[in-house]
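Student: Dropping the structure in here first, questions after.
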Amino acid sequence: MDATGKDEGSQLTVASYLKFSRIAHCHITIENFIVPYRYSRDCAMKNKFDRFSRGQSLEAPTVPDAQRFGHSFKIIFKMIWKHSLVFLICYFSLTVLYNFGLDEEQVRNFEALTSYLARYTRTFNWMIMLGFFTNTALQRLFTTQMTIPGTDRITTLFTMSLKPNLPEGPAIVDLYARWTVLAWILTFRIICHPLRREFPNLQAIQDSGILLEEEKRILLDEDNPVTVTPRPLVVIEWMLLLLKESMKEDRYIKESSHIKNVEAVMAFKKSCGNTIKNIPYAVIQAVVLVVYWFCTVLTMARNLRAFKNEFVRNIISYFPVMPYIQFFVFIAWLSFGRAAVNPFGNDESDINVMQLCEAHIKHSFRLKNLYTNNLDEDVFRFLPHKNTMPSNSIQTYDNKSTAILVESDMDI
């Protein structure tokens with residue numbers, strides 16, 4: 001570190017580091033600047049994700065509400081407006097062609113063809129196929145939401161299993177927390193386009209401070225047999241090797257903590273593997289082709305021969321209410337199914353992976369400080385179970401022996 005307060009190889013100042021640390025609810029000491037394993041550009045990462053933090057908090061998600069009709073209709077409209085426009089243009093074009101562009105022989109042929117197609121607009125068999133696809137896609141969506149990998153558990157478990165006051169303790173915890181976030185980002189870059197745009201390559205991840213130069217060199221080394229393994233698994237292997245080293249160096253409070261940490265990492269690995277699994281593309285393509293073909297039939301199907309009344313024929317030709325209802329149901333359900341197949345996209349109903357990434361980064365800062373922080377020194381001034389607590393700060397609450405802290409100079 002030079003005289004200006006900047007770390008070598010980085011443009012991050014001590015003041016900017018402390019500023020971001022306060023935002024991330026951290027208690028940073030001077031040791032955090034000299035350990036070899038740290039985020040070198042935390043302020044840059046904060047600025048990169050600052051625009052995502054202006055939205056709703058992850059701790060206060062929107063509760064689904066179906067009591068008001070049309071409350072979220074714009075989501076459906078965004079999905080189907082292009083399909084609806086194509087359907088109506090084609091339908092009215094055929095109507096104009098039928099009324100003004102055909103002779104008597106061609107009119108009879110047109111009526112025969114449309115009447116024939118009208119026989120195959122019964123939706124029962126088609127709905128079974130579409131319902132199976134949509135049910136499978138939505139089931140995968142809900143399963144993904146419930147089993148999406150998180151970084152808090154394994155970081156907390158490792159931090160709390162180490163012996164206190166180890167000289168290398170803060171550095172090891174920092175390294176482990178950073179590798180956990182790195183493995184999470186490398187996993188979701190495979191399936192999430194917004195995150196891939198934010199981190200298009202390893203250099204972008206390094207610029208954010210999550211990846212170090214030596215680690216990037218290993219991941220990019222084509223001659224290294226490690227590069228054959230997917231990059232998220234490589235980082236997870238580093239985590240396992242760090243656990244192995246901690247066991248050899250006798251850093252755990254209990255020997256059983258090593259097995260628990262390994263099991264937590266393997267559960268994290270399994271969750272990452274399940275996240276990138278998807279429905280076979282052949283199933284998706286088959287459903288899309290069938291639905292589009294059925295919508296094409298709906299566009300042409302109209303039983304004009306059965307109605308001689310001119311008023312009814314005009315209603316069928318210019319007000320396709322019933323055909324459009326069928327079209328709406330099929331396209332809407334197909335759109336829902338296709339959106340559920342990729343829950344990490346840009347739609348409003350998709351999982352906000354960028355917000356999750358920001359949360360995991362901030363939580364890693366907060367959780368790694370559990371190793372150095374103490375309850376009575378860094379959080380509370382006085383505690384009821386400590387002998388150093390003033391005697392006038394304990395009172396009885398509702399005639400029960402519950403000691404609570406009451407500061408006489410509390411500003412309400």
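Each reported figure results from applying straightforward, stated rules to the coordinates on display, with no laboratory input. Predicted model only: the values in this text are computed from it and were never measured. Note that each Cβ is placed from the backbone with ideal geometry, even for glycine, and that neighbours are counted across all protein chains shown.
Student: From Cα coordinates alone, what are the radius of gyration and Dmax values for the range 72-373 in angstrom?
Tutor: In Å, with Rg to one decimal and Dmax whole: 28.6, 95.
Student: Tell me, what is the FRET efficiency for PHE132 and ASN309 to the nearest 0.05, using R0 = 30 angstrom and their Cβ-Cβ distance as r?
Tutor: The value I calculate is 0.15.
Student: Could you work out how far apart the two model spin labels at LYS386 and LEU370 are, taking each label as a point 7 Å from the Cα in the direction of the beta carbon, and quote it in nm?
Tutor: Modelled inter-label distance: 2.0 nm.
Student: Please give the peptides 359-370, 98-109 ranked by average Cβ packing (other Cβ atoms within 10 Å per residue), highest first, as a rough proxy for protection.
Tutor: So the peptides 359-370, 98-109, ranked by packing, come out 359-370, 98-109.
Student: Over the Cα atoms of the range 79-204, how large are the radius of gyration and the largest Cα-Cα distance (Dmax), in Å?
Tutor: Using the Cα atoms of the range 79-204, the pair Rg, Dmax is 29.4, 95 Å.
Student: Would you mind checking the pairs LYS78/LYS308; LYS163/LYS216; LYS269/LYS362; LYS74/LYS269 and listing those with alpha carbons more than 28 angstrom apart?
Tutor: In this structure, LYS78/LYS308; LYS163/LYS216; LYS74/LYS269 exceed 28 Å between Cα atoms.
Student: While we're here: Quick check on packing: order 233-243, 139-149 by the mean number of other C-beta atoms within 10 Å, highest mean leading.
Tutor: Highest mean packing first, the order is 233-243, 139-149.
Student: Give, in nm to one decimal, the length gained when the segment between ARG119 and ILE190 is fully stretched (0.36 nm per residue of separation minus the Cα-Cα distance).
Tutor: Between ARG119 and ILE190, full extension yields an extra 21.0 nm.
Student: Would you calculate the separation in nanometres between label points at GLN106 and VAL86, each defined as 7 Å from the Cα along the Cα-to-beta-carbon direction?
Tutor: 2.5 nm
Student: With only alpha-carbon atoms counted, please give the Rg and Dmax of the range 226-368, in Å.
Tutor: Answer for the range 226-368, Rg first and Dmax second: 27.6, 92 Å.
Student: Sort 126-135, 186-195 by the packing proxy (mean of other Cβ within 10 Å over each peptide's residues), most packed first.
Tutor: Highest mean packing first, the order is 186-195, 126-135.
Student: Figure the gain on full extension for TYR324 and VAL379 (residue separation times 0.36 nm, minus the Cα-Cα span) and round it to one decimal in nm.
Tutor: Details: separation 55, 0.36 × 55 = 19.80 nm, distance 6.23 nm.
Result: 13.6 nm gained on full extension.
Student: Moving on to the next point. For THR229 and ILE253 in one chain, what is 0.36 nm times their gap in residues minus the Cα-Cα distance, to one decimal in nm?
Tutor: Values: separation 24, 0.36 × 24 = 8.64 nm, distance 3.28 nm.
Extra length available between THR229 and ILE253 comes to 5.4 nm.
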